[in-house]
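Input: a single structure, listed below in structure tokens.
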Amino acid sequence: MTDTGTLRARNAAFWTQAAPGWIRHADRQDEIGRPLGAAAMDELRPRPGERILDVGCGCGGTTADIAAAVGPHGAAVGVDLAEPMVTAARERFPGERHPGLRFVTADIETIDAVPGAPFDAAFSRMALMLLADPVAGCATIRRSLRPGGRLAATVFRDGGANPWLPAATLGAAPHVGTLPPLPIGDEPGPFAFADPARVRRVLTAAGFEVIAVHPHDVTLDAPDEPETVAEWLIEMGPAGAAYRAAPPSGQAAARTAAARLLDRFREPGTGYRLPAGHWRISAMTAP
Ligand SMILES: C[S@@+](CC[C@H](N)C(=O)[O-])C[C@H]1O[C@@H](n2cnc3c(N)ncnc32)[C@H](O)[C@@H]1O
């Protein structure tokens, strides 16, 4: 069992190395990845004037959506561990065009509360299962909310519900350098919250109440561009840093092999349909 300090350092290193890929594909991620957060956004129902936190905001697309919903008298604060992604978020969504929108660099696990607290609600798309110490991270979210504040989030279910997710990494791996360690058991990773009982345990230990965890299935529609889709999915995953460091011949071989494994999700002439199964999570802080 790896200790929390080691997992936290591994997490920070991973996201620093992953950032260039997420920044490069930020617009694509916002567009194609929208269904991954839509159920939580519906659950959140941001209202004009509210103050809302976006945890693990990446390059800021969902935070900007929330800022548009809460309007000029509300606030949307995105927090993320990876400084380069926060910088990219600020550049993509400059404050003067988005009143009330702010981005903060912080490890949600190691701060007492997110600057700008208390918030009326917190949102998170596909980030909570990546925390090294999810109870500590969720406790910070809880402390950052007002009494009776709400949490709405999504996390992936298991690999069976998301069969496309490992495909690009598996295809690329033989053609690029060393990959970061793969998660074991409960270690942070895309499927670390596959067990809904664990999700409930984590949120209960963090002090949340009225916890609900529901399955939700969506399809991500990507264009019929095998090289582009393969590169996007390689760069967003654990092979991204090794792919960027590989020579052009290795990169080309990685894209070809990834595209071959993704082919079963492709309808030539139409595009890719990637089945994504996630949990829609909601919870409240005590009144
Ligand atoms: C899978 S990405 C999702 C990004 C964004 N929510 C989206 O859906 O496009 C997970 C994000 O969580 C962030 N993250 C991971 N651990 C974190 C932590 N301990 N504190 C804050 N952010 C963290 C990463 O830097 C990364 O941007």
Can you say whether Pro223 is under 24 Å from the mean Cα position of the chain (by Cα), farther than 25 Å from Phe191 by Cβ and either modelled with pLDDT of 95 or more or surrounded by 15 or more Cβ atoms within 10 Å (Cβ to Cβ) (or both), as far as the supplied structure shows?
yes
The residue from Ala38, Ala117, Ala113, Ala69 that alone is out of contact with any Gly (no Cβ under 9 Å at 6 or more places or on another chain), free of Cβ contacts under 8 Å to residues at least 24 places away in the same chain, farther than 19 Å from Asn11 by Cβ and of a type in the set (A, V, I, L, M) is Ala69
Can we say Gly78 is more than 20 Å from Glu209 (Cα to Cα) and within 15 Å of the ligand (Cβ to nearest atom)?
yes
Can you confirm whether Arg125 is touching a residue at least 60 places away in the same chain (Cβ under 8 Å), within 14 Å of the ligand (Cβ to nearest atom) and crowded, with 21+ Cβ neighbours inside 10 Å?
yes
Listed by first then second residue, the pairs whose first member lies in the range 50-64 and is under 19 Å from Ala139 (Cβ atoms), whose partner is in a loop (DSSP other than H, G, I, E, B) and more than 6 Å from the ligand (Cβ to nearest atom), with beta carbons under 7 Å and at least 6 positions apart or on separate chains, are Ile52/Pro46; Leu53/Val114
Any idea which of Asp133, Asp158 is of a type in the set (Asp, Glu), within 9 Å of the ligand (Cβ to nearest atom) and over 16 Å from Gly37 (Cα atoms)?
Asp133
Might you let me know whether the range 208-227 holds any residue that is within 18 Å of Arg28 (Cβ to Cβ) and in a helix (DSSP H, G or I)?
yes
Here is a list of conditions, (1) away from the ligand (no atom under 16 Å from the Cβ); (2) touching a strand residue (DSSP E or B) at 6+ places or on another chain (Cβ under 9 Å), and Arg244 meets all of them except one; can you say which number that is?
(2)
Here are some residues: Gly185, Gly171, Gly95, Gly100. Which one is at pLDDT below 95, more than 12 Å from the ligand (Cβ to nearest atom), of a type in the set (Gly, Ala, Ser) and over 24 Å from Thr63 (Cβ atoms)?
Gly185
Contact list please: Cβ distance under 8 Å, first residue in the range 92-107 and β-branched (Val, Ile, Thr), second residue open to solvent by 40 Å² or more (accessible area, probe 1.4 Å), pairs at least six apart or on different chains.
Val104/Pro115; Thr105/Leu81; Thr105/Glu83
Options Asp65, Asp120; residue that is within 15 Å of the ligand (Cβ to nearest atom) and either of a type in the set (D, E, K, R) or open to solvent by 10 Å² or more (accessible area, probe 1.4 Å) (or both)
Asp65
Filtering the range 134-165 down to residues that are open to solvent by less than 50 Å² (accessible area, probe 1.4 Å), within 25 Å of Gly21 (Cβ to Cβ) and not hydrophobic (A, V, I, L, M, F, W, C) yields Pro134, Gly137, Thr154, Arg157, Gly159, Asn162
Tell me, which residue of the range 103-117 that is touching a strand residue (DSSP E or B) at 6+ places or on another chain (Cβ under 8 Å) and over 29 Å from Ala276 (Cβ atoms) is nearest to the ligand (Cβ to nearest atom)?
Pro115
Go through the range 13-38 and give me each residue that's under 14 Å from the mean Cα position of the chain (by Cα) and among the aliphatic types (A, V, I, L, M).
Ala18, Ala19, Ile23, Ala26, Ile32, Leu36, Ala38
Selection status of Asp107, over 26 Å from Gly237 (Cα atoms) and out of contact with any helix residue (DSSP H, G or I) (no Cβ under 6 Å at 6 or more places or on another chain):
no
Only residues that are within 10 Å of the ligand (Cβ to nearest atom), more than 16 Å from Pro84 (Cα to Cα), open to solvent by 60 Å² or more (accessible area, probe 1.4 Å) and not in a loop (DSSP other than H, G, I, E, B): list them for the range 1-58, please.
Arg8
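The values are calculated or read from the model by the stated rules, or taken from the named source; none is laboratory data. Just so you know, these numbers come straight off a predicted model, no measurement behind them. Glycine gets a Cβ as well: all are built from the backbone with ideal geometry, and neighbour counts include every protein chain shown. To get the accessible areas, we keep the full protein, side chains included, count just its heavy atoms, and leave off ligands, DNA and RNA. Shrake-Rupley method; radii C 1.70, N 1.55, O 1.52, S 1.80 Å.
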